[in-house]
Structures are given as structure tokens and as C-alpha cells.
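Just so you know, all these numbers are worked out from the coordinates, no wet-lab data involved. In this text, all values refer to a predicted model and were calculated from it rather than measured experimentally. Note that we place each Cβ from the backbone using ideal geometry, even for glycine, and neighbour counts take in every protein chain shown.
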Amino acid sequence: MKEFIQKIKTDALAYLKSLNWIVLLGIAAFCIVLAIINNIRVEDSKSVDWIGSQEILEKPADIL
Amino acid sequence: MIDCFEKQNLKKTIISGVLLLIATFFVAVGVAEISFPETFLTFTDHEWLLDKWPKAYRYNIHVGVGAVIVACALIFPAIKIQKDFAIRALETLCRVGIGGMFIFASIFKIQDPHQFATLVAQYQFFSALHLDFVNNFFSLVYPQFELWFGLAMIVSPFVKESAFAIFWMFVSFIIALAWALWNDLGITCGCFELQDGAAHDKAEAWTSLIRDIILIWPTLWLAFRKNKSLIGIWKKDKE
């Protein structure tokens, strides 16, 4: 069992090392920039505050 | 030319292709039944069926899951008949299907961040973790991830990286939907459309959870494929 867990750990690490992290983090950073631009681009009624949440709606009584 | 298109293998390739085509149709029907009622691929809400059997629409999940099982049953013989072709075709179909679905899902959310942020807030997940302040920023960034990783899955050779990201997005959807069902929040998934003022529908959370549990497997498979472009898949492997 211990060997099996060790093997999984080694394989998972090898897999993570095989990923192109520059691409992954590059796309992620690009997405964050676009998200900021998008929030500025959309009309006021559709944009949100950068930090914060929205109100929680009341659950209808006739819900399935 | 790859081996599967050579004359002696062509017959097997055609049979395998037909089986995969039928399997694709069944998967499309399954996804339509589970997630997109009232589309041309949804059978359980056809009027002629509802006339004969008024409760047919209630069985959309059963029909959807059944269609996916039939599709899986067709994929195995397709692989057995012509493995080389079937694997390449499956990779192409999975990349276009999953990538396309993520692109489609992101459009509504990008167009209306406020509505999506409201929907995310209904999950009450961040508030449970005392991270309320993250809700809006998360709602802004997440659809962008869906769009660009979905696009990368289709048009870039980085299938491993995009599938890895999409896999973790599926994991987050499954956790969020399971959380909503566990806490009986009775909310809509908000996966493909944002309904104005109607964020509650318990049945939809179930169907979305089932869909995500099905779709996470091909994504996991893609996460272990070699990085190749869609055209590269159909080129002869280098020895």
C-alpha cells in the first residue's frame, strides 16, 4: 500500500512536471486581464464591483 | 498517409467511423436531453410523445444517461475494429465537443457579469468559507477561463494543458453543484444561460451534476494525450 501511494505521488509529480506551466499561467494571466477589461467594457447595469458579493435571493416556496 | 486510410484498412476504418458517428449522435442526444430541453435533439418533449405519454418529459435524465451508455457501448467495438483511426477520431471529437461546450457556456456569462455574479452568490459557497469578497472577481474571471481554455483545446496544440485546466473546472462545478444539492439550495446551474430573476430550480442542479460527472472522464483522458494540433492528430506519428 505504501509503495502504491509512493508510486502515485511520483507519477503525479512527473505529470505536473510534464505540463507547460508557461502556457497555463500565461492563459490564466491573459484571462484576468480580459476579465478586468470586460467589466469596464460592459454597461453599468451589467458590471460588478471588483471586490464584493451579490445579494442572496429568497428561495421560492414552489420549488421542486 | 496514416495507416488506417490505406486500401487494405479502409473497410475497417469506414465501419469504425460509422460506429463513432452513431455514438456521437447518441452523445449529442444525451447532452440535449440532460441539459438542453426543447432542442431538436430532445425527444422527451416532442408533442406526439407527450400526447401519448404526458409524463415523458420527466424521464429526460434517464433517456439522456441511457443515450450516453449506448454511445459508450458503440465506442468499444469501434476501437476494436480500427484502433488507430478510432483513437484519433475520438480525440478530435472530444476536443471539439468539450472545447465548444466551454466556449458556448462562457458567452452569456461574459456578456452579463452582474447576472452571473448573482448566480454564483446563490451557491453561498464563498460565504461559507468567509470569502464573500471574492465572489465578484471570481465571477468575472471564471467565464474568461472557460472561453480561452475551451478555445485553446480546439485551436492550439496544448491539449494537455487546456484539458488539465478544464478538468479542474469540472471538479469545481461538481463540488459546487453537490454543495448546492447537499444544502438544498434549489438553485439553477447557470451553466449555459442566465435566467433573469429566476435562479432557483432544483432539478437543473441534478441534471448538471450528472452531465459534469459524465464529461469529466473524456477530459481526464485528453489531459494525458500528447500535445498536438487538431490537424496534427491526423498526421503519421514519428517513429
> If we count every other residue with Cβ under 13 angstrom of A:GLU3's Cβ, Lys/Arg +1 and Asp/Glu -1, where does the sum land?
Replying inline: +2
> For peptide B:134-142, how many partner chain Cβ atoms fall within 10 Å of a residue's Cβ, on average?
Replying inline: 6
> Past the 29 Å Cα-Cα mark, which pairs from A:LYS46/B:LYS226; A:LYS9/B:LYS83; B:LYS160/B:LYS238; A:LYS17/B:LYS236; A:LYS9/B:LYS235?
Replying inline: A:LYS46/B:LYS226; A:LYS9/B:LYS83; A:LYS9/B:LYS235
>> Output needed: percent of Cα pairs per 10 Å distance bin for chain A, bins running from 0 to the one holding the longest distance.
In response: 15, 20, 19, 21, 21, 3
> Tally Lys/Arg at +1 and Asp/Glu at -1 over every other residue whose Cβ is under 13 Å from the Cβ of B:ILE231; what's the total?
Replying inline: +4
>> Could you derive backbone 3J(HN,Hα) for segment A:21-27 from the dihedral phi with the Karplus parameters 6.51, -1.76 and 1.60 (θ = phi - 60°), listing whole Hz in sequence and x where the residue is Gly or Pro?
In response: 5, 5, 5, 4, 6, x, 5
>> Which of B:LEU21, B:LEU151, B:LEU129 ends up with the largest GNM mean-square fluctuation for chain B, with Cα atoms connected below 10 Å?
In response: B:LEU129
> What does the charge dipole of chain A about its Cα centre add up to, to the nearest 20 debye, if the Cβ of each Lys and Arg holds +1 and the Cβ of each Asp and Glu holds -1?
Replying inline: 600 debye
> Using alpha carbon centroids, what distance separates segment B:57-106 and chain A, in Å?
Replying inline: 25 Å
> How crowded by other chains is B:163-170, given as the mean number of beta carbons from other chains within 10 Å of each beta carbon?
Replying inline: 1
>> With angles folded into 0 to 90 degrees, how steeply does helix A:2-18 sit against the dominant principal axis of chain A? Use alpha carbons for both and round to 10.
In response: 60 degrees
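Ignore the peptide's own chain and count Cβ atoms of other chains within 10 Å of each Cβ in B:222-232; give me the average, rounded. Mind dumping the intermediate values first?
On the way: counts 0, 2, 2, 0, 0, 4, 0, 0, 0, 0, 0.
Across the residues of B:222-232, the mean count of other-chain Cβ atoms within 10 Å is 1.
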>> I want to verify the translational diffusion coefficient of segment B:49-98 in µm²/s; compute it with Stokes-Einstein, Rh as the Kirkwood radius over Cα pairs, at 20 °C and 1.002 mPa s.
In response: 165 µm²/s
> Among B:TRP217, A:TRP21, which comes first, second and so on when ranked by fewest other beta-carbon atoms within 10 Å?
Replying inline: A:TRP21, B:TRP217
> How far is helix B:83-111 tilted, in degrees, relative to the longest principal axis of the Cα atoms in chain B, given as a value from 0 to 90 rounded to the nearest 10?
Replying inline: 20 degrees
> So what's the angle, to the nearest 10 degrees on a 0 to 90 scale, between helix B:202-222 and the longest Cα principal axis of chain B?
Replying inline: 40 degrees
>> Using the Karplus curve 6.51 cos²θ - 1.76 cosθ + 1.60 with θ = phi - 60°, what ³J(HN,Hα) values do you get for each residue of segment B:160-175, in whole Hz, with x for Gly and Pro?
In response: 4, 5, 5, 5, 4, 5, 5, 4, 5, 5, 4, 4, 5, 4, 4, 4
> Once the Cα gyration tensor of segment B:95-239 is diagonalised, what are the square roots of 5 times its eigenvalues, in whole Å and ordered largest first, as equivalent ellipsoid semi-axes?
Replying inline: 31, 15, 13
